[in-house]
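Colleague: Sharing a structure here in structure tokens format.
The values are calculated or read from the model by the stated rules, or taken from the named source; none is laboratory data. Owing to the predicted nature of the structure, the values given are computational and were not obtained by experimental measurement. Neighbour counts are summed over all protein chains in view; Cβ atoms, including those assigned to glycine, are modelled from backbone coordinates with ideal geometry. Calculation scope for accessible area: heavy atoms of the full protein, side chains included, ligands and nucleic acids excluded. Shrake-Rupley method; radii C 1.70, N 1.55, O 1.52, S 1.80 Å.
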Amino acid sequence: MTHDHDLVLRPTAAQTEAALNPPSGRNGGDLVVETLTGLGATTVFGLPGQHALGMFDALRRSDLAYVGLRVENNAGFAADAYGRITGEAAPLLLSTGPGALTSLAALQEAAAASAPVLAISSQIPSAGLGGGRHGYLHELPDQQASFRGVVKSVHTVRTQSQIPSAIAEAWESALTAPHGPVWVEIPQDVLLAETSLPVVTAVDAAPHDLPPRPELTAVAAHLLSTAARPAIIAGGGVVRSDASGKLRQLAERLNAPVVTTFGGKGAFPWNHPLSLQSWLEDRHTTDFLEDADVLLVVGSGLGELSSNYYTFKPRGRVIQIEADLGKLESNHPALGIHADARLALSALLETVPVREDAEAADRVRTVLDLVRERIDAQELTLEQRVLAAVREALPDRSASFWDMTILAYWAWSAFDARRPNTMHSAQGAGGLGYAFPAAIGGAVADPTHPVLAVSGDGGALYSIAELATARQHNLDVTWLIVDDGGYGILREYMTDAFGQATATELSRPDYVALAESFGVPGVRTTPDTLADDLAKSLATPGPSVVVLPALLRMFAPTHLD
């Protein structure tokens, strides 16, 4: 009897000849780029360094497109965005020690947002592995220890023959739900040494599926079908698994109102009759969700921001679908279903019948009216005008990337993303400097539409160097910088808590002149001209900067009441 797993594909005569006589002049770095090409990668991000030169030398013998950024952390943000937009593992090539460590904040964001990033770093020569303290440049006693608490998996290579398998394992890990960053490190001598190994061709590294257990989806389907007031919270897992269509089908079949988390923006149509939009930092929304007798949470751990700062206390039965096992029931008891969102929603759609509820849309309108009344009572017309101007100027198919700034905090709750997987922010880990380098990665991922980055002046100073990258690659990225002369949200937090702010005020440059010094056109705008200036910049090929001097305020929180 012959079993499928006993079948071995026999090489052709030509393949055997090529394997026996590989081209000369190849090194360990060639094995890296050949493996990436065999896995299907087309673009890599990174920054060269002394120990990593073997990889970068090999790039010129490959068909991989290289996008080099000026700071490793920014290269990580660009790879993160590329992974989010394409759904592919984005290779990130880095050097040892300081170069590797500088990427940590970006990898933390990728982990929090489930963005597939394949970070490949050099290491000190093999003789120094194991903490021998030989005094090599960039030496760390245990480099991978710095990454274990951040990435999904770490892989250390010690010989050239290990390179293809280690990278393939890492690729598979990055793309298995939940997606995330992974780490591979290869010693300098392994990268530099000439290799006689055959050229790496096709590499098999298919990610594992994560289907739901059928007995759990059967219980979930029964609970949802018999619920009197079902509701749905849709998180970033819906976006990452491309499950927005399945979510809409299920919501409409159940007549269940849907709220999207900040990471799940665009997962459900903003103006749908069942859409509660994204007003999670509002007590009216919190009260509504607490009143649901069955609450379906898809692709969210209901962390700090998604739970109105942990004030959300559900009274009904909770069903949680989550690909990250550590997040399952981490904040609330639930019927926990460890599964990819798309596969779990597909399973529910097979058994959940149509549920009639003529009042569901009316209840949604009532909540949204209450939210708007609360916001309108705070006299925040400037902030709403500015956000509306951004929405008016941004084409529906264009991606936007938002830094940790007051306008982004508004956008989390109040911005219509129009389409899934088009609005991205750093709210997963909450670090500054994400927007512009991420927009660079987004523009590389999809060069058919202009891309928008939104930063405050504080966050912008983290990323100024990447104006050179955008200019060098002539990327269609428009950067909106809201300049209020400091860390605006921290200014508010400190003033509210202590009566005055400390260490929040910044001396800042002339951003228009600074942009022009990089060869990037800049314009200073006003709230009245913002929509036109943004639209013009987005419609003009190449990078551009739009500076809006404005002091924006945040709407009042409800979790402190």
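Colleague: If VAL482 satisfies every condition in (1) closer than 30 Å to GLY87 by Cβ; (2) open to solvent by less than 60 Å² (accessible area, probe 1.4 Å); (3) touching a residue at least 40 places away in the same chain (Cβ under 8 Å); (4) not in a helix (DSSP H, G or I) but one, which is the exception?
Modeller: That leaves (1) as the condition not met.
Colleague: Got a number for residues in segment 186-202 being of a type in the set (Val, Ile, Thr) and buried (at least 17 other Cβ atoms within 10 Å of the Cβ)? If you could, list the steps in order and put the result at the bottom.
Modeller: Pass one, segment 186-202, residues of a type in the set (Val, Ile, Thr): 186, 190, 195, 199-201.
Keeping just the survivors that are buried (at least 17 other Cβ atoms within 10 Å of the Cβ) gives 186, 190, 195, 200.
Number of matching residues: 4.
Residues are listed down the side, and each one gets a yes or a no for (1) closer than 29 Å to GLN378 by Cα; (2) small (Gly, Ala, Ser):
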residue	(1), (2)
PRO211	no, no
SER225	no, yes
GLY237	no, yes
VAL258	yes, no
LEU274	yes, no
ASP282	yes, no
LEU295	no, no
LEU305	yes, no
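Colleague: Which residues, taken from segment 34-67, are closer than 26 Å to ASN421 by Cβ, small (Gly, Ala, Ser) and touching a Leu at 6+ places or on another chain (Cβ under 6 Å)? Spell out how you get there, then give the answer.
Modeller: Applying the first criterion (closer than 26 Å to ASN421 by Cβ) to segment 34-67 yields 36-37, 39-46, 64-67.
Next cut, small (Gly, Ala, Ser) only: 40-41, 46, 65.
If the condition is that a residue be closer than 26 Å to ASN421 by Cβ, small (Gly, Ala, Ser) and touching a Leu at 6+ places or on another chain (Cβ under 6 Å), then GLY46 is the only one that fits.
Colleague: Need pairs with beta-carbon distance below 8 Å; first residue at negative phi and touching a residue at least 12 places away in the same chain (Cβ under 8 Å) and within segment 454-469, second of a type in the set (Ser, Thr, Tyr) and assigned to a helix (DSSP H, G or I); sequence gap 6+ or separate chains.
Modeller: ASP457/TYR511; ALA460/TYR511
Colleague: Before we move on, is GLY87 of a type outside the set (Val, Ile, Thr), under 23 Å from GLN472 (Cβ atoms) and modelled with pLDDT of 95 or more? Before you say what the answer is, go through the steps one by one.
Modeller: Details: of a type outside the set (Val, Ile, Thr): yes; under 23 Å from GLN472 (Cβ atoms): no; modelled with pLDDT of 95 or more: yes.
So GLY87 fails the test.
Colleague: All but one of (1) more than 30 Å from the chain's Cα centre (by Cα); (2) aliphatic (A, V, I, L, M); (3) modelled with pLDDT of 95 or more hold for ALA497; state the number of the condition that does not hold.
Modeller: The number of the failed condition is (3).
Colleague: While we're looking at this one, here's another question. Which of the residues belonging to segment 100-116 are open to solvent by 10 Å² or more (accessible area, probe 1.4 Å) and either touching a residue at least 60 places away in the same chain (Cβ under 8 Å) or not β-branched (Val, Ile, Thr) (or both)? Break it down stepwise before answering.
Modeller: Step one: list which residues in segment 100-116 are open to solvent by 10 Å² or more (accessible area, probe 1.4 Å), which gives 101-102, 104-105, 108, 111-114.
If the condition is that a residue be open to solvent by 10 Å² or more (accessible area, probe 1.4 Å) and either touching a residue at least 60 places away in the same chain (Cβ under 8 Å) or not β-branched (Val, Ile, Thr) (or both), then LEU101, LEU104, ALA105, GLN108, ALA111, ALA112, ALA113, SER114 are the ones that fit.
Colleague: Give the residue, chosen from LEU534, LEU551, LEU538, that is part of a loop (DSSP other than H, G, I, E, B), aliphatic (A, V, I, L, M) and in contact with a helix residue (DSSP H, G or I) (Cβ under 8 Å, 6 or more places away or on another chain). Full working, then the answer.
Modeller: Details: LEU534 fails: part of a loop (DSSP other than H, G, I, E, B); LEU538 fails: part of a loop (DSSP other than H, G, I, E, B).
Testing whether each residue is part of a loop (DSSP other than H, G, I, E, B), aliphatic (A, V, I, L, M) and in contact with a helix residue (DSSP H, G or I) (Cβ under 8 Å, 6 or more places away or on another chain) leaves just LEU551.
Colleague: Only residues that are touching a Gly at 6+ places or on another chain (Cβ under 7 Å), under 26 Å from LEU432 (Cβ atoms) and surrounded by fewer than 23 Cβ atoms within 10 Å (Cβ to Cβ): list them for segment 33-66, please.
Modeller: Residue satisfying the conditions is LEU47 alone.
Colleague: Separate question: Out of segment 296-348, which residues are crowded, with 22+ Cβ neighbours inside 10 Å and of a type in the set (Lys, Arg)?
Modeller: The one that is crowded, with 22+ Cβ neighbours inside 10 Å and of a type in the set (Lys, Arg): ARG342.
Colleague: Next question. Which of (1) within 24 Å of LEU394 (Cβ to Cβ); (2) in contact (Cβ under 8 Å) with a residue 60 or more places away in the chain; (3) not hydrophobic (A, V, I, L, M, F, W, C) does GLU492 not meet, given it meets every other one?
Modeller: (1)
Colleague: Restricting to segment 245-261, name every residue that is touching a residue at least 60 places away in the same chain (Cβ under 8 Å) and open to solvent by less than 10 Å² (accessible area, probe 1.4 Å). Can you show your working first?
Modeller: Going residue by residue through segment 245-261, those that are touching a residue at least 60 places away in the same chain (Cβ under 8 Å) are 246-247, 249-250, 253-257.
Matches in segment 245-261: LEU247, LEU250, LEU254, ALA256, PRO257.
Colleague: Then there is this: Just give me the residues in segment 509-531 being in contact (Cβ under 8 Å) with a residue 24 or more places away in the chain and over 21 Å from ILE489 (Cα atoms), in sequence order.
Modeller: Correct list: VAL512, LEU514, ALA515, PHE518, GLY519, VAL520, PRO521, GLY522, VAL523, ARG524, LEU530, ALA531.
Colleague: Given the criterion within 26 Å of GLN427 (Cβ to Cβ) and either surrounded by 21 or more Cβ atoms within 10 Å (Cβ to Cβ) or within 25 Å of the chain's Cα centre (by Cα) (or both), identify the matching residue among ASP446, ASP561. Spell out how you get there, then give the answer.
Modeller: Values: ASP561 fails: either surrounded by 21 or more Cβ atoms within 10 Å (Cβ to Cβ) or within 25 Å of the chain's Cα centre (by Cα) (or both).
The conditions single out ASP446.
Colleague: Where residues in segment 400-414 are under 17 Å from TYR462 (Cα atoms) and out of contact with any strand residue (DSSP E or B) (no Cβ under 6 Å at 6 or more places or on another chain), which of them is least open to solvent (accessible area, probe 1.4 Å)?
Modeller: Step one: of segment 400-414, the residues under 17 Å from TYR462 (Cα atoms) are 401-406, 408.
Among the residues that remain, those that are also out of contact with any strand residue (DSSP E or B) (no Cβ under 6 Å at 6 or more places or on another chain) are: 404, 406.
Details: MET404: 35, ILE406: 9 Å².
Selected residue: ILE406.
Colleague: Right, here's the next one. Could you list, in sequence order, the residues of segment 127-155 that are closer than 23 Å to ALA115 by Cβ and of a type outside the set (Phe, Trp, Tyr)? Full working, then the answer.
Modeller: Let us first name the residues in segment 127-155 that are closer than 23 Å to ALA115 by Cβ, namely 143-155.
Within segment 127-155, GLN143, GLN144, ALA145, SER146, ARG148, GLY149, VAL150, VAL151, LYS152, SER153, VAL154, HIS155 meet the criteria.
Colleague: While we're here: How about segment 119-151: which of its residues are touching a residue at least 40 places away in the same chain (Cβ under 8 Å), in contact with a strand residue (DSSP E or B) (Cβ under 7 Å, 6 or more places away or on another chain) and surrounded by fewer than 21 Cβ atoms within 10 Å (Cβ to Cβ)?
Modeller: Listed by number, the residues that qualify are PRO125, SER126, LEU129, GLN144.
Colleague: Which residues, taken from segment 67-89, are of a type in the set (S, T, N, Q) and open to solvent by 10 Å² or more (accessible area, probe 1.4 Å)? Step through it out loud before you land on a result.
Modeller: Kept after step one, since they are of a type in the set (S, T, N, Q), are these residues of segment 67-89: 73-74, 86.
If the condition is that a residue be of a type in the set (S, T, N, Q) and open to solvent by 10 Å² or more (accessible area, probe 1.4 Å), then ASN73, THR86 are the ones that fit.
Colleague: Can I ask one more? Looking at ARG391, ARG397, which is the one that is surrounded by fewer than 15 Cβ atoms within 10 Å (Cβ to Cβ), under 25 Å from the mean Cα position of the chain (by Cα) and of a type in the set (Lys, Arg)?
Modeller: On the way: ARG391 fails: surrounded by fewer than 15 Cβ atoms within 10 Å (Cβ to Cβ).
None of the other options fit; the residue is ARG397.
Colleague: Quick check on segment 312-340: of everything there that is under 22 Å from the mean Cα position of the chain (by Cα) and among the charged types (D, E, K, R), which residue is nearest to PRO178 (Cα to Cα)? Break it down into steps so the answer makes sense when it comes.
Modeller: Taking segment 312-340 as the starting set, the residues that turn out to be under 22 Å from the mean Cα position of the chain (by Cα) are 320-328, 330, 338-340.
From the residues that got through so far, the ones that are among the charged types (D, E, K, R) too are 322, 324, 327, 340.
Details: GLU322: 8, ASP324: 6, LYS327: 11, ASP340: 7 Å.
By that ranking, first place goes to ASP324.
Colleague: List, please: which pairs have Cβ atoms under 8 Å, are six or more places apart or on different chains, and start with a residue in segment 428-448 that is within 17 Å of GLY236 (Cβ to Cβ) and end with one that is in a loop (DSSP other than H, G, I, E, B) and open to solvent by 10 Å² or more (accessible area, probe 1.4 Å)?
Modeller: These pairs meet every condition: GLY428/GLY263; GLY430/MET404; GLY431/MET404; TYR434/MET404; GLY442/ALA399.
Colleague: Restricting to segment 485-520, what's the tally of residues that are open to solvent by 20 Å² or more (accessible area, probe 1.4 Å), assigned to a helix (DSSP H, G or I) and within 13 Å of LEU551 (Cβ to Cβ)?
Modeller: Qualifying residue count, segment 485-520: 3.
Colleague: Among residues belonging to segment 206-218 that are in contact with a strand residue (DSSP E or B) (Cβ under 8 Å, 6 or more places away or on another chain) and surrounded by 14 or more Cβ atoms within 10 Å (Cβ to Cβ), point out the one that is nearest to SER241 (Cα to Cα). Break it down stepwise before answering.
Modeller: The initial filter retains those residues of segment 206-218 that are in contact with a strand residue (DSSP E or B) (Cβ under 8 Å, 6 or more places away or on another chain), namely 210, 212-213, 216-217.
Keeping just the survivors that are surrounded by 14 or more Cβ atoms within 10 Å (Cβ to Cβ) gives 210, 212, 216-217.
Details: LEU210: 11, PRO212: 14, LEU216: 20, THR217: 18 Å.
That would be LEU210.
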